[in-house]
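Accompanying notes for the structure given below.
Derivation of every value follows stated rules applied to the coordinates shown; laboratory data play no part. Keep in mind that this is a model prediction, so the values were computed, not measured. FYI the Cβ positions are ideal-geometry reconstructions off the backbone, even for glycines, and counts take in every protein chain you see.
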Amino acid sequence: MSDSTLLSTLLLSPLISAALIFFINMLFLNPRQSLFTFLALTGSGVSAVLALIVSYQSYFHAQVFTSHLFTWLSIGEFTIELALKADALGSFMLLFVAPVSFLIHLYASGYMDKDKSYGRFFTYFNLFIFFMFLLVLADNPIIMFIGWEGVGLVSYALIGFYFEDIQNTYAGNKAFIVNRVGDFGFLSALMLLFIEAGSAGFSFDSIFLSLAQIDPSMLSLIAFLLFVGAMGKSAQIPLFVWLPDAMAGPTPVSALIHAATMVTAGVYMVARFAPLYTMTPDISLFIAYVGAFSALFAAIVATRQYDIKKILAYSTMSQLGFMFMALGVGAYSTALFHMFTHAFFKGLLFMAAGYIIVAFHHKQDIRELQGIRKSLPLLFVMMFTASLSISAIPPLSAFFSKDAIMGALYASGHVELFLMALVASLLTAYYMFRMVFVLFYSQKTQSTKKSSKSMLYPMVVLTVLSVFAGLLNLPELFGGNLNISNWLNLLDKELLLPHAKELLLISVNTLLILGVILYTYKRYAYTQAIHKESQENLVAKKFYVDEIYTLLITQPLHYLSIFFEQKISHGIIDRLINLSALYYARAGILFSYLENGNVRFYALYMLIGVVSGFVYLYWALRGVL
Amino acid sequence: MSSLSLIIFLPILAALFLFLKRLNITVVKVIYMLVTFTVLYLSLELYINFDPEASMQFVVLHPWISEYGINYHVGVDGVSLGIVMMNAILMPLVAIALYKQRDKKGYWINLLFVQGGVMGAALSLDLMLFYLFWEIMLLPIFFMIGLFGYGKKNFIAMKFNIYTILGSLMMLISILYIAVAYKEQFGSYSFALDELKDLRLSSGESLLVFGGFMLAFAIKIPIFPFHTWLSDTYRSAPTGIVIVMSSLMAKLGTYAIWRFLFTMFSETSHEVAPYFIGLGLFGLIYFGISAMSQTHLKRMFALSSASHLSLIVVGFFIYDIYGLIGSSYLIVSHALSSAAIFLMAGMLYERTDTYSIAMLGGIARIAPKFALFFAFFSLSIVGIPLTSGFVAEVLIILGAFHYNIYVGFIAATSILIAMMFMFRMISRVLYGELRDATAGFEDLRMHELFALVPLALLILAMGIFPNYFIQKIEPTASSYTSQKEAPSYDK
Amino acid sequence: MLEKYMILSIILFSIGIVGLISRRNIIVIYMSIELLLNAVNLSLIAISADTADASAQVVSMLIIAITASEAALFMALFVVLFRNKASLDVNLFDILGNKR
Amino acid sequence: MQSDSIFFLLALITIVSSIVMISAHRPIDSALSFIVTLVSIAALFALVNATFLFVVQIIIYAGAILSLILFIIMFLNIKDENLPDERYKNYWLLGTSLIVAPFSFILIDLILRSNIALKAQISEEFGTIKDVGLTLFDKWILPFELVSILLLVALIGAVILSKKEA
């Protein structure tokens, strides 16, 4: 198989399986579920295997796969090739996106078992992988944008998957609209970029070559607008409101789209445009601050959530904030590495949550799910591991990635960012273990008999990965040589700390986190503290952000709409038009008074006419006479 | 007879024949199908034989009223080709979809008549001929609303007609004015577009004449503030005619701006372009926001159409290759999408007897195919990637950014505006609980699928392989823009 | 001499028009019309005298003949109208007008 | 100069009596003053030697038509309540005069400015019955015959109009 066909197959196999599932689902009345499972798993499995091959070749032989499908659009200078390119960054993305997708497919085949919309679900799911690959592999920003919007669209469809409850579809609408606000920025940025630097072609490489000719303020604007797109997709302040609501979708969706892959697209995009961001330090710093505030905000809100999936959603937002902090200070590969580990442990956490939800009849409130350790021992182990990992306990995967971020923040000299990150990281440990202790350490016991093998296996794999994935990018401190960073070879800033300082940082950090976990244990394990929390304060109400948005955007728009339609269109313009017609009719009545049937009046009109004619002629001919 | 003349006159003659002859309704439908498919076949042949590199093709020129220089002069270029194809594709599909619902002979006769009128207006290169067809299109609309409409149909038909005729009269005055001015300068009357190009008018005169033309087009499109006939007319017009109005006639208005105004008054067009861009952008946002509070399905779609048409106007007045191509692409793509969505709204009404969004709901539970297509076409209006609307919007936005960065930002809001109401509408109509009106909702029938599937496929094809279609338009558009360089480009 | 006759004719004609339009009494209107014709006759006679040609006098005579026939019809009309409305007011005879 | 002063006298009588004719409230007053007008016009005819026309004017107008009018007025037995209520008569007269005034003024002005008079030599026979008769039956025979038809038509019309509804 040639490189080009390999890459095309990687991209197209999920699309083909999606199309097949779609047609079978539409055309046949009672297709067998196993057929769908087979098609879906084949589609994602093939691409997972190929993705591993691509990553292997890229890592060990620095091979760059390319594939040119067709010319999408060509007008004047605006030539958009539908071309794929798997460079180091792309291959790295493939390395975790494709396998995680496959695992979650496997998991979903258990989760969605016997669902009446099984076929529809996997159509969307495979379509999602297709768009995600398109996003990752695109060789120019417009095609990337298509993938970018495509994943948003599928995410919309999947959030509203259980459309019988209209609220779910509203959540989907919200997700898509907020995302599109981001896309507005993204698209504007791309257009400006093309106008400023697109004359030599619009693939990433040629853009980066002509970046130097762009005016710095314009460059900042472009960088900012691109980041607006990332804000929307990666749920950063202020465009994060959709992510918690997006948990209305089935749990595999939350695991795949709203934790592991799609939401990280913003991080990927900023990393992809790293040459641009290195030239605009102000915007980079802005990104770091947005990331810091998002991380902190989400972590604070997560401490008062009760819905198991919402906790994880805020946690995702918080972790994404960490990644943006790293991007902002120029530690691109560190951010990407955190994204890599995050995909595993967050995917695992969501899958575990989904497992619990299925096992306990779609209960999602942790207060109702207390004491399930006995019935789900394996799950307890996995969830505990994942929580340790996300809290950055050595030597689990997130320890390496998060610690690298902290180090980079510290080294960048922005102490305030470092402190915010530290607080957010402590809060992470707090809310994660709050959940774990409430769920598993309780006097109560609940039992269940449901279990599904196809759901468990992927989780086991992900547990292993979330434990060991960190070793791939082992820092020098621990005898590694930053394999992934070297592989990616992005324009990282040199943010190295002396080993002693780094060691000190790590130990203090770890100790603090352990202290927090201990405190959490004291507070929540085997107590009723969870029931005593106030529901009314600012944190529990999520800082009233949704309400503020409704008040500031949704409602004014609605009133404006009514105002436009009823007051301006109908009240002013249409009334003027109708009135002009009416007065035209009135004028007719007025003239009909002249036509009164009285002949001497007619004679009068005639006389007036004749006299006016006379006077006019007399005046006009005054010179001649 | 050349194929262009055949395309124009076959439907009109068939309509006259059907009008004069007393026939069974089935025979009428069969003849309708035969005629529209013949036209489709001829148009496809035209499309295939069309040489993108040459400008005006298949020109037919017969003297008509020679002492006044009025000729029968038709021809096709890249942009009118799009309208011709739309017309040829939509008409048979409309018939397939409405095949069982409409059993009045007049319905089909009027549709045929309208097809001929639209074809004629799109192809004519002589101002008088254009005016003739422009008015011919109007008559069937009047009868259709009056005969088959809903609500206060007589009032609305009357209002629509007087309103549009008012505009047309201004246009007629302008046409006569320039013909006389031409005689003063060159010694003979002429209504031919390529000769009138050479006419030199003072800036005040050409502004007035331009205004006369523009009024006619602005009312037909409609541009803010000439839009108030729109939502009522769309609401009370029967499905077939709504499709014709939104997909063909409104588009013809924008097309005519390009074909006539930009050719004859290129300098004036440049002078007034900023105002019309402003008006278009305002309309884009205004109509979009107006649509948000609509509770009536067809009115919402009407306003959404208006919003997109404003964007098309912006694209034309930007006068930049991206804007021009984007607008002509959006003409075609929006014609397809809006035709499909109005068709589906008609099906919805036929099944539920209501257009009120509040009374609908839960359709996706029992009619998955309907829901799928409805959602797809709504999303294609929003301009989701891989649908044709996305390509067009991206091009227009690119042109707008090229023109001016602020214009660009406002034009880019077009990707936000439509979905603000579209998504909520989809939720309310398709999802949630079943209502009284939607209980027992019947899924798409076979013949309806036959009408919708080609539209959906075409929209997808135009979104995935835009280059193939755009190559037919590009040389025409670039020949226009190379004549006059894009006026301003400031950061 | 001709100018004087002409001026007098014009004045009489104007007075006739004034009477014709201002008055509502149908008999006075009739007489105003006669006055108009007489004014014309006057000018015709003056022209005839000025040109020493009898043709204008013949025309004037024909006019008088027409006046006579007109008189006959008018008288008949007066009788009919008066019989119907018992009034000489022309404003009553306006059924051709805009009646709402 | 004698004829001039006679002309002015007659003109004055004509104008005054015609003004009285159009402004009198009762038709009988109008008719009587109209007789004065007609007679003075006849005198004006005589002043320019149109003797035959003078006779015709007196006989047909003053004699036949006016007496017909008077006869009708009396026949109809018009009382005051049968007369129209002409409250605004004077305003109307004034208004219409104002409208007509420029018309008359312009015509008079034109006549005064132009030189239209030929002042041909008047023969001895001018205005006699022979002269007029010869012209009438020589040049104007067709109109003359047509007028006779017109009179016949008017006669029949008058009879039919005034016939009572059966």
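The figures follow:
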{"item": "Residue exposure sequence - B:E195, C:E70, D:E145 - by fewest surrounding Cβ within 10 Å", "result": "D:E145, B:E195, C:E70"}
{"item": "Only Lys, Arg (+1) and Asp, Glu (-1) charged, at Cβ; chain B dipole about Cα centre in debye", "result": "1740"}
{"item": "Farthest positive-ward along chain A dipole, Cα basis, beta-carbon charges - from A:A108, A:L462, A:L607", "result": "A:A108"}
{"item": "Ascending count of other beta-carbon atoms within 10 Å, so fewest first, for D:S162, B:S388, D:S104", "result": "D:S162, D:S104, B:S388"}
{"item": "Under-5 Å amide H pairs with A:L69, H placed in peptide plane, nonlocal only", "result": "A:L82, A:A83, A:L84"}
{"item": "For chain A, calculated [θ]222 nm from helices alone, where every DSSP H run of n ≥ 4 adds -39500 (n - 2.57)", "result": "-23000 deg cm²/dmol"}
{"item": "Counting DSSP beta bridges with both ends in chain B, the antiparallel % (nearest 5)", "result": "90"}
{"item": "Distance between modelled label sites at D:E124 and C:K4, nm, 7 Å Cα→Cβ extension", "result": "2.7"}
{"item": "C-alpha long axis of helix B:266-292 to longest principal axis of chain B, angle in °", "result": "10"}
{"item": "Residue-averaged beta-carbon neighbours from other chains (10 angstrom radius) around B:317-325", "result": "2"}
{"item": "Backbone HN-Hα couplings from phi across the range A:556-561 [Karplus 6.51/-1.76/1.60, Hz, Gly and Pro as x]", "result": "x, 4, 5, 5, 4, 4"}
{"item": "Cα-Cα over 24 Å, subset of A:K116/A:K542; B:K159/B:K298; A:K116/A:K346", "result": "A:K116/A:K542; A:K116/A:K346"}
{"item": "Net lengthening on full extension, D:F137/D:I156 (0.36 nm per residue, minus Cα-Cα)", "result": "4.2 nm"}
{"item": "Alpha-carbon Debye profile of chain B, log10 I(q)/I(0) at 0.06, 0.08, 0.12, 0.13 Å⁻¹", "result": "-0.25, -0.44, -1.04, -1.24"}
{"item": "Vicinal HN-Hα couplings computed from phi for the range B:230-247 (Karplus, 6.51 cos²θ - 1.76 cosθ + 1.60; Hz; Gly/Pro x)", "result": "4, 5, 5, 5, 5, 5, 9, 7, x, 3, x, 7, 4, 4, 4, 5, 6, 8"}
{"item": "Neighbouring partner chain Cβ atoms per residue of B:368-375, average, 10 Å criterion", "result": "1"}
{"item": "Residues of the range A:559-603 with amide N under 13 Å of a point placed 7 Å along Cα→Cβ from C:D94", "result": "A:592-603"}
{"item": "The protein assembly as shown, dipole about Cα centre (Lys/Arg Cβ +1, Asp/Glu Cβ -1), debye to the nearest 20", "result": "4860"}
{"item": "Whole-Hz ³J(HN,Hα) from phi, Karplus 6.51 cos²θ - 1.76 cosθ + 1.60, for the range B:376-393, glycine and proline x", "result": "4, 5, 4, 5, 5, 5, 5, x, 6, x, 6, 10, 5, x, 4, 4, 4, 5"}
{"item": "Label-to-label distance, nm, for residues given as B:T26 and A:L504 (7 Å Cα→Cβ offset)", "result": "9.7"}
{"item": "On Cα atoms only, tilt of A:415-440 relative to the major axis of chain A in degrees", "result": "70"}
{"item": "Hydrodynamic radius by Kirkwood, which averages 1/r over all alpha carbon pairs of the range A:420-566, in angstrom", "result": "20.9"}
{"item": "Using alpha-carbon coordinates, inclination of helix B:153-186 to the longest axis of chain B, degrees", "result": "20"}
{"item": "Sequence-distant residues sharing a close amide H with C:D89 (under 5 Å, placed H)", "result": "none"}
{"item": "Cα-centred dipole magnitude for the range B:233-371, charges only on beta-carbon of K, R (+1) and D, E (-1), debye, nearest 20", "result": "540"}
{"item": "Segment A:V423-A:M26, extension gain: residue separation times 0.36 nm, minus the distance between their alpha carbons", "result": "137.8 nm"}
{"item": "Neighbour-count order for A:L607, D:L110, fewest beta carbons within 10 angstrom listed first", "result": "D:L110, A:L607"}
{"item": "Segment A:Q33-A:R575, extension gain: residue separation times 0.36 nm, minus the distance between their alpha carbons", "result": "189.1 nm"}
{"item": "Residue among B:M462, B:I257, B:L379 farthest towards the positive dipole end of chain B, charges placed on Cβ", "result": "B:L379"}
{"item": "Set of lysines with alpha-carbon distance to A:K114 below 18 Å, sequence-local pairs under 8 removed", "result": "A:K449, A:K450, A:K453"}
{"item": "Dipole of the range A:541-594, positive direction: furthest Cα of A:I562, A:N578, A:G588, with charges on the beta-carbon", "result": "A:G588"}
{"item": "Relative packing of C:8-18, B:436-446, which averages over residues the other C-beta atoms within 10 Å, highest first", "result": "C:8-18, B:436-446"}
{"item": "Cα-projected label distance for B:K369 with A:K116, points at 7 Å along beta-carbon direction, nm", "result": "1.9"}
{"item": "Separation between Cα centres of the range A:357-373 and the range A:138-155, rounded to whole Å", "result": "36"}
{"item": "Distance histogram for the protein assembly as shown (every C-alpha pair counted, 10 angstrom bins, percent rounded to whole numbers)", "result": "1, 8, 13, 15, 13, 10, 9, 7, 6, 4, 4, 4, 3, 1, 0, 0"}
{"item": "Sequence-distant residues sharing a close amide H with A:I75 (under 5 Å, placed H)", "result": "A:I80"}
{"item": "Taking only Cα atoms of chain A, radius of gyration then Dmax in Å", "result": "31.4, 124"}
{"item": "Cα-Cα P(r), the range A:221-266, percent of pairs per 10 Å interval", "result": "29, 50, 18, 3"}
{"item": "Whole-number D in µm²/s for chain D (Stokes-Einstein; Kirkwood sum over Cα pairs; 4 °C, 1.567 mPa s)", "result": "66"}
{"item": "For D:119-131, mean number of other protein chain Cβ atoms within 10 Å", "result": "3"}
{"item": "Under 15 Å from the Cα of B:K153 - aspartates and glutamates, other chains or at least 8 residues apart", "result": "B:D232"}
